[in-house]
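Quick note: the coordinates plus some simple rules give every number you see, no bench work behind them. The model shown is predicted, which means the values in this text are computed figures rather than measured ones. Quick reminder, even Gly has a Cβ in these numbers, built from the backbone with ideal geometry, and neighbours come from all protein chains shown.
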Amino acid sequence: MTAVEYSSASALTGYYQSRTSNRPARHWATEKLIHDLAAIGLLQFFEGPGSNPMALSGASTEKLWLKTGAGVTETPGSFRKYKGSGSSSDETNWLVVNPGTYLLHLGNLSPTASAEFYASRTAAAAASIATGTTFVQTAGYWAAGDGGGALYKKVGSEPSHAGKFQSADGAWWEIGEAIPNVRQFGAKGDGTTDDTSAIQAAIDVGSNRAVYIPAGTYRLTGVVKVSGTSANRTNMAVFGDGPATRLVLDATLTANVMEITNGSGFVVRDLTLVGNRGTWTPVYLTDAVYRNSNGLYVGGHSGSAVTNVLVSNVTADSNALSGFCIGTGPLNAPDAGSGVDGVRVDGCRSSNNHVGLNGGTQVNVAITGCEFTGIVSNGIVNDTNSTVVSVTGCTLDVSSSGFAIQCYESDNLTYVGNSITGGNAGVFALNCNYVSISSNAITSSVGAGITIKNSTQIMVTGNNIQSVTGDGIKVWDNSRRVSVTSNTVGLSTLNNLYIQAQFVNVADNVFYEGGRNGIFLDGCADCTVVFNVSRDNGNSGSGYDGIKLTNSSTIRLVGNVCQDFQATKTQEYGVRSTGTSDNNTLWLNTLSSNGTGTYLLSGTANVIGANGASLIDAQVFDVSRSVDGTTEFRAINANAGSSANSRVIASNGTSEGGVITRGTGHANAQRVILYSSSASEGIEVLLNSTRRAFFPQAGGMIIGPTSAIATNATDGFLYVPACAGTPTGTPTSQTGKVPIVVDSTNNKLYFYSGGTWRDAGP
């Protein structure tokens, strides 16, 4: 990868006047180091494209040949160090070296320091090295060119780690690499040699360093412990060359490939961790299996959580349990330990494992941009006591026996922007609180796309769920305070949305072409269903609707569109309720163009109106509430075949009468009718349980209470208009009626008759 380039105006320009104005920064830095070393008398160098170097002099100066071709290129040519014997013009007397490592450490030498070169660590150990030599450079560990070449520094006593050797003269030498290479500790990476101890030895050099594992296949007969050894390393980085670096666990071993069980500040990146799934059958749901059958295990023990871990670009393949176990004891494991606090799993791949990633007691964990394929059971598990966990931008393809994402007894979880295929559910939340599931694409689950079970404070928003075998979204088993908004759910084998819960808000969703109902509320209470589209559902048989309620009460259905535009309509009603479904509101919905009708409701105390279509005849709904404490009213859908909208009749008791309102679709629009079908009773107007007016069945109108008023009464009178003086205007004519008015100045009553106002006295 090309690094950031500097312009010729850079501070480094003075070193490279013969170069082009723009060069990769890492090459400029290499050249600068060479010039600096030459400037202090530590290095003499020759640079040329293919011709042998000229003779170089200088007793205490290292001699380096940059066989680079035409200048410094993006991929430098070989760097060669003069052996110190024979003609410098003879190419065989020059040793190929690792330029980065060699130059880095030469830069730390003083002009008086001296170094010697050996073909291998074994050769250096067999040599009697001159007393004045302070550094030794080897070209390999076992043999020159095997990738194990390293810089060693002379120390006064035997080091406590394996990065050392003792020369024949008795001196001790300690590896001086800033970033040790596991091949510098004897690892071969040939797929046959047991490299376990060599890799572990490289890590055990000490904390606060990185360890590099070059490309190769490294056979393991035990776990590689990044931390958790007797030294309990911290601030460690272990990295490789991506998929080309493979750590492979021997068959039949009950072990992690790599683990971190203590400390803080770890990086594991650019590796492939291969387990032994298929060669043994673990007994799941035991602590031993959960902690010892993973590609990478990260989890604290003994009351101490592992903190601040980055896992990046790691592939975990064919592990008996999990590709990654982040946290301790997933799913009922005893002695769960202290888990983790602050882990990021970024750009990783989990393939062909029993579980993709699992773990409990996960705190502040972010899983981003990962791939999970060929998973036998669950894709991702966030288990007991986890909090502040997010799964973002991941791709999951799991088998039908597990969940793509499962969270259990945990809080404050976020699942956003993931692509999920297969699984018994796309996302399954059980006994959780404060979970956000948003903007995920879920398809082909054999169960529900999203399942919320016995959980509270859950937000399901902006998801696209298609072609699942179960319900598109399922909220049930005592779940509460769930919000389902702005989702698109279609082609579900069962219901696109199934709810068996309390306090659920369903808003602005699209549910289409479900096998059963678009929305099914089964035994629900206190739910709001507003501004949803539910269309073309009921494709698996009869008896299914846009919205169906069974034994559900206090449900508010407002502003929904429930229609069927298929050539053969399968969505029978826009809205239907069955069983004991009381105190529900059906208002301002569009319910036309369904197979059987707009709505069909049962139960009592339901309020219906303004639903944008002809209402169904002869459906009666009792409103179990009283007015003025005494009068029970009833709401009746009594469409007589007109196109009137929003027709409501309110009646007292069994008289089947009340108020009829007619919408704009009727010839008598905006008319309010007081109506009673009783042969013996009229219509009363009451206020505070007192009759103010009465319309007898025989005709006319009676003003005031049922009995005479007292002489000292202050209310109950008929009030007519008054004017200050004799009326003179011509009143608007009302057929068969005359107006009256009181002259309040002269205290006279006037009525208009025969084209003039007439004085009625006194």
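Cross-link reach is defined here as a Cα-Cα straight distance under 29 Å, omitting same-chain residues fewer than 8 places apart; for K63 the lysines meeting it are K32, K81, K83, K153, K154, K164.
Working note: Karplus 6.51/-1.76/1.60 with θ = phi - 60° gives segment 690-706 the couplings 10, 5, 9, 7, 9, 10, x, 4, 6, x, x, 8, 10, 9, x, x, 6 Hz, where Gly and Pro are set to x. Taking packing as the residue-averaged number of other Cβ atoms within 10 angstrom, the listed peptides 121-127, 263-269 run from highest to lowest as 263-269, 121-127.
Sequence-ordered 3J(HN,Hα) estimates for segment 360-366 from the Karplus curve with 6.51, -1.76 and 1.60 and θ = phi - 60° stand at x, 6, 8, 10, 6, 10, 10 Hz, glycine and proline given as x. Within the same chain, lysines fewer than 8 places from K737 are excluded, and of the rest, those with a Cα less than 26 Å from its Cα are K748. Highest mean packing first, where packing is the average number of other Cβ atoms within 10 Å per residue, the peptides 426-439, 190-203 line up as 426-439, 190-203. The Cα atoms of segment 402-451 give a gyration tensor whose axes a ≥ b ≥ c have a/c of 1.5 or more with a/b no greater than b/c, which makes the shape oblate.
Listed peptides 566-579, 151-164, 398-411 appear in the order 398-411, 566-579, 151-164 once ranked by packing, highest mean of other Cβ atoms within 10 Å at the front. Listed by chain and number, the lysines placed with their C-alpha closer than 26 angstrom to that of K453 are K474, K548; residues fewer than eight positions away on the same chain are left out. Rounded to 0.05, the FRET efficiency of the L687 and N478 pair, given R0 = 35 Å and the Cβ-Cβ distance, is 0.15.
For S338, the residues 5 or more places off, or on other chains, whose built amide H falls under 5 Å of its own are G300, H301, S302, G303, S304. Restriction of the chymotrypsin sites (Phe, Trp or Tyr not before Pro) in segment 514-550 to DSSP coil positions whose beta-carbon has at most 10 other beta-carbons within 10 angstrom yields no sites. One chain, two ends: F531 and L749. Fully extended at 0.36 nm per residue, the span grows by 72.7 nm beyond their Cα-Cα distance. Annotation for Q697 and D715: the two label points, set 7 Å from Cα along the Cα-Cβ direction, are 3.0 nm apart.
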